[in-house]
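What follows draws every value from the coordinates through simple rules; no lab data is involved. This is a predicted model, so every value here is computed, not measured. Neighbour counts run over all protein chains shown; Cβ positions are idealised from the backbone, glycine included.
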Amino acid sequence: MPQLGPPVPLWSFCALLLVMAVKHFVADFLLQTSWIANGKERREGWFAPFAIHVLCHAALTLAIALAIAPRLWWLALVDLLIHAAIDRAKTLTGLWGGWGADRTEFWWLMGFDQFLHQATNIALAAAFFAT
């Protein structure tokens, strides 16, 4: 396969990808209470649970940045903004379609949401090595 960017230490990059995937699992599932999960999906009163959710992601990304490259602390803000955009777009699309967990479209949307989050994690990991 041809080289597509700057050379990076493969195993270090893979380890960081795994750390970012674990970070996502912790923030998106373990730290997400039912109040957060249900609240951020509402038409009204969604902002507080939504903000807490995206702040969990940013805080964990900040912890990773401070542990491995403190000068890249600002990647936590990037993660916060991207995660917020993805999750809010997913919610608004689901509300627009009226798709509950009993609908195939809901699961397609959920899968696409998770795909976008993992693509974000790949980009963030790349940023750690490229900056």
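Observations, loosely collected:
- Note on Phe106 and Glu44: their simple-model spin labels are 2.3 nm apart, each label 7 Å out from Cα toward Cβ.
- Directionally averaged projected area (region 1-49, Cα convex hull): 5.7 nm².
- Mean silhouette area of region 91-131, derived from the convex hull of its C-alpha atoms and averaged over all directions, reads 3.1 nm².
- A dipole drawn for the chain from +1 and -1 charges on Cβ atoms has a positive end, and of Phe50, Leu81, Leu95 the residue lying farthest that way is Leu81.
- Principal-axis tilt of helix 75-97 within the chain, Cα atoms, nearest 10 degrees: 30
- The angle between the Cα long axis of helix 47-68 and the longest principal axis of the Cα atoms of the chain comes to about 10 degrees, rounded to the nearest 10.
- The packing ranking of peptides 65-73, 87-95, highest mean first, is 87-95, 65-73, where packing means the average number of other beta carbon atoms within 10 angstrom of each residue.
- Value of [θ]222 nm, deg cm²/dmol, for the chain, DSSP H segments ≥ 4, -39500 (n - 2.57) each, nearest 500: -24500 deg cm²/dmol
- Paramagnetic reach from Phe29 in region 114-131 [backbone N under 15 Å; point 7 Å along Cα→Cβ]: 114-115, 117-118
- Size of charge dipole - the chain - debye, nearest 20, with Cβ of Lys, Arg +1 and Asp, Glu -1, no other charges: 180
- Relative contact order [Cα under 8 Å, 6+ residues apart], the chain, whole percent: 27
- Projected label distance in nm at Phe129 and Leu4, using a 7 Å step from Cα toward the beta-carbon: 1.2
- Cut-off 13 Å between beta-carbons: net charge of the residues surrounding Ala85, Lys and Arg +1, Asp and Glu -1: -1
- Nearest 10 degrees, 0 to 90: helix 10-25 Cα axis against the chain principal axis: 20
- Full extension of the chain between Ala67 and Leu81 yields a length gain of 2.9 nm, computed as 0.36 nm times the residue separation minus the alpha carbon distance.
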